[in-house]
Amino acid sequence: MARKTPTTKPARAVKPATEAKPAAKPDLGEVRAQIDGIDQQIQALIAERARWAHQVGKAKGKLAAAVDYYRPEREAQVLRRVVDRNDGPLSDEVLVRVFREVMSACLAQQEPLKIGYLGPEGTFSQQAVHKHFGHSAHGLPMASIEEVFQEVAAGNADFGVVPVENSGQGTIQVTLDLFLTSPLKICGEVELRVHQHLLSRSGRIEDIERIYAHPQAFAQAAGWLRTHLPRAEKLPVSSNAEGARRARNADDAAAIAGESAGLVYGLKRVAGPIEDRSDNTTRFLVLGRESFPPSGHDRTSLLVFIRDRPGALYGVLEPLARRGISMNRIESRPAHGHLWQYAFFIDVAGHRDEAPLKDALDEIAGQGDEVRVLGSYPVAIL
């Protein structure tokens, strides 16, 4: 019997691929109309938010001043939700900055916050004030970090912003020393990417014979200066903005400072950024007169005076390690009034009022060491 050859279905003809039609060019007038409509909605919602923010003030009752309305833990929670919700296309940093300014303006309805900082106008400290409190806060430039501490303690400023450490040059020792005797509390932190620029009146590097800058700025740009201006005289000043203020008076003078200082004092950029490390970042602390509740993601700064005995430092650190508490920083400074005794500044994760840090602090205090909580505050957001 002959074998039947199986029949096969004829192959389906493959249609040649058609090129995708280019998207229709949007109508510019229609796009602008859509943007105008969205802008109107945004403006209406900002106004509504401001009215509700004013209701928060009324709900709290009659308070003495703007500082009584400000709650850093609440602000941190709002900004973290902004980051969590963000699906682009704008970056987290951009959205946080926008919302920070909205909250700053809403708070200023009661009364603008007065914020002390190391002046004059144009310093990185002023930039840190704007980053943390927004531009609706009223900045108070001070002549020194010590004056910032004094004015906040006296109530002439609601808060203060002071530098505490740089990623390349380490700790700002004067800030730590002031905490040894100050009653102020740390209630926030700011991390600011620092870009140093060489600025002068003429804008020509060949004219420069002397340079004004804060000692930290000279250290951050030491390599660049050795290469490009090895013979220029280096004159230390109290702040980079003060250096810019002086440099504006002569063509042969220059300053190392941020771009904002150049705008304030009418200087041209000679070169920049000139810092030796591209990740150059300064951490600032926000000073206040009271403590605040947990925000959900906090850091605590401790000042520990340790008695002279074997294993004293271990006795402080072991209760933290046993409870899995991360230590972010430790720094020692001579204790004022006690020869050859030292105070330790320690940054740890957590809030003083929440376990496990609360339990660890109780155990450390039980050993007889003096432990001062300088403050528990929200971890810096961007």
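The values are calculated or read from the model by the stated rules, or taken from the named source; none is laboratory data. The shown structure was predicted, so the numbers you read here are calculated from the model rather than taken from an experiment. So basically every Cβ, Gly included, is an ideal-geometry build from the backbone, and we count neighbours across all protein chains shown.
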Among (1) under 21 Å from Y117 (Cβ atoms); (2) part of a strand (DSSP E or B); (3) of a type in the set (V, I, T); (4) more than 18 Å from the chain's Cα centre (by Cα) - the single one I211 does not satisfy: (1)
Could you grab me the full set of residues in the stretch 98-112 that are in contact with a Ser or Thr (Cβ under 8 Å, 6 or more places away or on another chain) and either at pLDDT 95 or above or surrounded by fewer than 24 Cβ atoms within 10 Å (Cβ to Cβ) (or both)? E101, S104, A105, A108, P112
Pick out the one residue from D92, D84 that is touching a helix residue (DSSP H, G or I) at 6+ places or on another chain (Cβ under 7 Å), among the charged types (D, E, K, R) and at pLDDT 95 or above. D92
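The rows are residues; the columns are (1) of a type outside the set (K, R); (2) modelled with pLDDT of 90 or more; (3) at negative phi; (4) in the same structural domain as E75 (by TED's automatic domain parsing).
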position	(1), (2), (3), (4)
D276	yes, yes, yes, no
G296	yes, yes, no, no
I306	yes, no, yes, no
P310	yes, no, yes, no
G315	yes, no, yes, no
R333	no, no, yes, no
L339	yes, no, yes, no
E354	yes, yes, yes, no
With respect to A222, is the statement that it is more than 25 Å from Y342 (Cβ to Cβ), among the hydrophobic types (A, V, I, L, M, F, W, C), over 18 Å from the mean Cα position of the chain (by Cα) and surrounded by fewer than 21 Cβ atoms within 10 Å (Cβ to Cβ) true? yes
The one condition F149 fails out of (1) among the aromatic types (F, W, Y); (2) surrounded by fewer than 22 Cβ atoms within 10 Å (Cβ to Cβ); (3) within 30 Å of F305 (Cβ to Cβ) is (2)
Residue under question is E93, and the condition is that it be under 20 Å from R289 (Cβ atoms) and either of a type in the set (A, V, I, L, M, F, W, C) or assigned to a helix (DSSP H, G or I) (or both); does it hold? no
Restrict the check to the stretch 156-169 and report whether at least one residue is farther than 30 Å from A349 by Cβ, at pLDDT 95 or above, of a type outside the set (A, V, I, L, M) and surrounded by fewer than 24 Cβ atoms within 10 Å (Cβ to Cβ). yes
Read through the list (1) closer than 19 Å to P163 by Cβ; (2) surrounded by fewer than 24 Cβ atoms within 10 Å (Cβ to Cβ); (3) among the hydroxyl-bearing types (S, T, Y), then give the number of the only condition that T227 fails. (1)
Index of the failed condition, N280 passing every other in (1) farther than 19 Å from P120 by Cβ; (2) surrounded by fewer than 18 Cβ atoms within 10 Å (Cβ to Cβ): (2)
Subset of the stretch 46-58 (residues that are closer than 22 Å to C187 by Cβ and at pLDDT below 85): V56, G57
How about the stretch 231-288: which of its residues are touching a residue at least 60 places away in the same chain (Cβ under 8 Å), basic (K, R) and in a loop (DSSP other than H, G, I, E, B)? R277
